[in-house]
Amino acid sequence: MEDLKLHGFWYSPFTMRVVWTLKLKGLAYENIEEDRYNKSPQLLEYNPVHKKTPVLVHSGKPICESMIIVQYIDELWPQNPLVPHDPYDRAQARFWVAYSEQLVPALPALIRSTTPEEKEKAVEMIWGNFKVLEDHCLADKRKFFGGDKINMVDLAIGSLLTVFVTAEDIKQVKILVAEKFPLIHLWFDNFKNAPVIKENFPDREKMVATLKPIMERMLASS
Amino acid sequence: MTEKKNSNGEVKLLGAWPSPFVIRARIALNIKSVEYDFIEETFGKRSQLLLKSNPVNKQIPVLIHGHKCIAESMIIVQYIHEAWSSSGPPILPSLPYDRAIARFWLTYIDDKWFPPLKSIVLGLDTEPIEEKLEKVREGLVLLEDAFNKISKGKDFFGGNQIGYLDIGFGSFLAWLKTVEVTEGVSLVHETTTPGLAKWLQKFCAHDAVKDVLPPIDKLIAFSKMLRANVDLVINPK
């Protein structure tokens, strides 16, 4: 029995990546739900540099940064591999994980947007990235970024899309437009229904109910 | 301009001599004794080869290994570690936990530490220079502590050999020195950051590093040109 503890926010895409990884690997862990407005002393001790979640604590040793945690878990527990074996395929997967970072600034932009023009601008930012994924990454119509099975790219992008889709309800905008991005739309459907992901996919209404006040508070303090 | 290094053309690196990100790839190739063609891009103008080999980000460095194109500096470094695993010492730490720590600090260096330094180099007026220098210094305090913990008394972050984090951080040293000279400040110093000061000397003298870190006078001249063309840096053609 491994000594694994996860400090996170269940609704955060970054925590989701780690939860999905642990579940895909069949690993038991203790989930420690942090309060973003009152972070635990343990969290601040485990991640003094950034003071952020998620943090995985393995036998008392903290690992920070979601995709670093995902790779750490994959290196120690090779079942259901999330990182390709071939060096070139691995480099490609790492490239798209790094690329997914470019989607992240759109979240605060969406949160801060109040006027239709601001919302449109934030959505266009995301659409620029979606076009790259549609044209360069999914062009060969693979089922998942990992081919027949999910890999870490699916987790990186899927987690962000989960929050964008929630933001569609909160901000009353359309982001994942099937007509504009058919491949991404299909991929996300496959992803949400994949084994393990399906059983651990956050409930849409619960996400909206949780993220709405958080986003409003962020907007009020910006 | 192409600088041949006795290669049969199988390995090419698209880059530019001043770029710390390109330097990372070159150090890794040197550690593994890989012969490569260094194809220099012209500042301000992207070549067809670059646009073809990295159509998504359109940035250097790009490693071209046979028909495979690999982009993003630390992804290239990891690829080199894996693809030439039987040649030369390893670049990544062997233990997953040590790798996670090295990757963590690399992310910190790229996302938090380097941006204020870059802003100073480019002469951007986003905030007063003293504030940017203070951020760089605060980061160096964290990195000094990290070095002491990770090196465990040895010469490098990677122990007896230079590794992933040495390469990732060390690639910025010429620019750090350039800022010290042009701004008349001390950033890494034996009194404030003794561990890093010793590490810096050993790193810059390393065989895999010494020929690819640009001379400071050349970088100072280059930085003047950069400041005069900041638009091109931010919005390249």
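What's the buried accessible area, both sides, between B and A using a 1.4 Å probe, rounded to 100 Å²?
Details: alone 12120 and 11510 Å², together 21450 Å².
The contact between A and B buries close to 2200 Å².
Which entries of A:LYS131/B:LYS118; A:LYS51/B:LYS149; A:LYS25/A:LYS171; B:LYS112/B:LYS198 show an alpha-carbon separation above 28 angstrom in the structure shown? Working shown, then result.
Working: A:LYS131/B:LYS118 30 Å; A:LYS51/B:LYS149 19 Å; A:LYS25/A:LYS171 35 Å; B:LYS112/B:LYS198 23 Å.
Flagged as over cut-off: A:LYS131/B:LYS118; A:LYS25/A:LYS171.
Taking each residue in B:98-109, count the Cβ atoms of any other chain within 10 Å of its Cβ, then average. What number comes out? Write out the running numbers ahead of the final one.
On the way: counts 0, 5, 14, 6, 1, 8, 9, 1, 2, 7, 4, 0.
Counting Cβ atoms of other protein chains within 10 Å of each residue's Cβ and averaging gives 5.
Return the single residue from B:LEU124, B:LEU14, B:LEU63 with maximal mean-square fluctuation; model: Gaussian network over chain B, springs between Cα atoms under 10 Å.
Per the Cα network of chain B with a 10 Å cutoff, B:LEU124 tops the list.
Can you give the direction-averaged projected area of the convex hull of the alpha-carbon atoms in the protein assembly as shown, in nm²?
Numbers: hull surface 90.3 nm².
Approximately 22.6 nm², given one-decimal rounding.
So how much accessible area does B:ASP111 have, in Å² to the nearest 10, using a 1.4 Å probe?
B:ASP111 has an accessible surface of roughly 90 Å² with all protein chains in place.
For Cα pairs less than 8 Å apart in space and 6+ apart in sequence, what is the mean separation divided by the residue count of the range A:60-207, i.e. the relative contact order in percent?
Details: 110 pairs, mean separation 33.0, N = 148.
The normalised contact order for the range A:60-207 reaches 22 percent.
Mind checking the dipole of chain A: about its Cα centre, +1 per Lys or Arg Cβ, -1 per Asp or Glu Cβ, Debye to the nearest 20? Don't jump to the answer; show the numbers that get you there.
Values: 28 positive and 30 negative charges, 41 e Å.
Around 200 debye, computed over chain A.
Compute a Gaussian network model of chain B, connecting alpha carbons closer than 10 Å, and tell me which residue from B:HIS206, B:HIS67, B:HIS81 fluctuates the most.
B:HIS67
State, as an integer percentage, the relative contact order of the range B:96-225 based on alpha-carbon contacts under 8 Å between residues 6 or more apart.
On the way: 103 pairs, mean separation 31.2, N = 130.
Value for the range B:96-225: 24 percent.
Let me check against my output: what whole-number percent is the relative contact order of chain B, with C-alpha pairs under 8 Å and at least 6 apart? Numbers along the way, then the final one.
On the way: 305 pairs, mean separation 49.4, N = 237.
Across chain B, relative contact order equals 21 percent.
Using only the alpha carbons, work out the radius of gyration and Dmax of the range B:11-84 in angstrom.
Looking at the range B:11-84, its Cα Rg and Dmax stand at 11.1, 33 Å.
Counting only protein chains, not ligands or nucleic acids, how are A:HIS58, A:HIS136 ordered by accessible area (probe 1.4 Å), most first?
Numbers: A:HIS58 25, A:HIS136 90 Å².
Per-residue accessible area, sorted high to low, gives A:HIS136, A:HIS58.
For the range B:40-59, state which residues have at least 30 Å² less accessible area in the presence of all protein chains than in their chain by itself, taking the probe as 1.4 Å and leaving out ligands, DNA and RNA.
Output list: B:VAL56, B:ASN57.
If the viscosity is 1.306 mPa s and the temperature 10 °C, what Stokes-Einstein diffusion coefficient in µm²/s follows for the range A:56-170 when Rh is the Kirkwood radius over Cα pairs? Before the final figure, lay out each step's value.
On the way: Rh = 15.7 Å.
Value of D from the Cα-based Kirkwood radius: 101 µm²/s.
For chain B, with a Gaussian network of springs between Cα atoms less than 10 Å apart, report the residue from B:LYS58, B:LYS218, B:LYS132 with the top mean-square fluctuation.
Looking only at B:LYS58, B:LYS218, B:LYS132, the largest GNM fluctuation is found for B:LYS218.
Of all alpha-carbon pairs in the range B:67-118, indicate the percentage at a distance above 13 angstrom.
Numbers: 892 of 1326 pairs.
Of all Cα-Cα pairs in the range B:67-118, 67 percent lie more than 13 Å apart.
Cα extents of the range B:144-237 along the three principal axes, largest first, in whole Å?
Principal-axis extents of the Cα atoms in the range B:144-237, largest first: 44, 28, 22 Å.
I need the Kirkwood Rh of the range B:127-171: take the reciprocal of the average 1/r across all distinct C-alpha pairs and report it in angstrom.
Numbers: mean 1/r = 0.0871 Å⁻¹.
For the range B:127-171, the Kirkwood estimate is 11.5 Å.
Sort A:MET218, A:MET1 by heavy-atom solvent-accessible area, probe 1.4 angstrom, most to least. If you can, show how the numbers build up before the last one.
Details: A:MET218 70, A:MET1 205 Å².
Ranked list, largest accessible area first: A:MET1, A:MET218.
Leaving ligands, DNA and RNA out of it, report the carbon-plus-sulfur percent of the accessible area of the protein assembly as shown at a 1.4 Å probe. Before the final figure, lay out each step's value.
Values: 11350 of 21450 Å².
C and S atoms contribute 53 percent here.
What do you get for Rg/Rh over chain A if you use C-alpha atoms and the Kirkwood form of Rh? Walk me through the numbers before you get to the answer.
Working: Rg = 17.3 Å, Rh = 18.1 Å.
Using only Cα positions, Rg/Rh for chain A is 0.95.
In Å and whole numbers, how far do the C-alpha atoms of the range A:1-129 stretch along each principal axis, longest first?
53, 42, 24
Could you tell me the number of lysine pairs in the range B:1-80 with C-alpha atoms less than 17 Å from each other, where the two lysines are 8 or more residues apart or belong to different chains?
Count of close lysine pairs: 9.
Over all distinct alpha-carbon pairs, what is the Kirkwood Rh of the range B:83-172 in angstrom?
On the way: mean 1/r = 0.0700 Å⁻¹.
Answer for the range B:83-172: a Kirkwood hydrodynamic radius of 14.3 Å.
Based only on Cα atoms, what Rg/Rh ratio does the range B:1-159 have, Rh being taken as Kirkwood's radius? Mind showing how you got there, number by number?
Values: Rg = 17.4 Å, Rh = 17.4 Å.
Taking Rh as the inverse mean 1/r over Cα pairs, Rg/Rh reads 1.00.
Would you mind counting up the charge near A:LYS206? Only other residues with Cβ under 14 Å from its Cβ, with Lys and Arg at +1 and Asp and Glu at -1. Display every interim value, and only then the final one.
Numbers: positive: A:ARG204, A:LYS212; negative: A:GLU33, A:ASP169, A:ASP203, A:GLU205.
Result for the local shell: -2.
As a test of reading the structure, rank B:SER53, A:SER221 by solvent-accessible area (1.4 Å probe, protein chains only), most first. Before the final figure, lay out the partial values.
Working: B:SER53 15, A:SER221 95 Å².
The most accessible residue leads, giving A:SER221, B:SER53.
The values are calculated or read from the model by the stated rules, or taken from the named source; none is laboratory data. The model shown is predicted, which means the values in this text are computed figures rather than measured ones. Because the Cβ atoms are built from the backbone with ideal geometry, glycine has one as well, and the counts that use them run over all protein chains shown. Note: areas computed on protein heavy atoms with side chains; ligands, DNA, RNA excluded. Shrake-Rupley method; radii C 1.70, N 1.55, O 1.52, S 1.80 Å.
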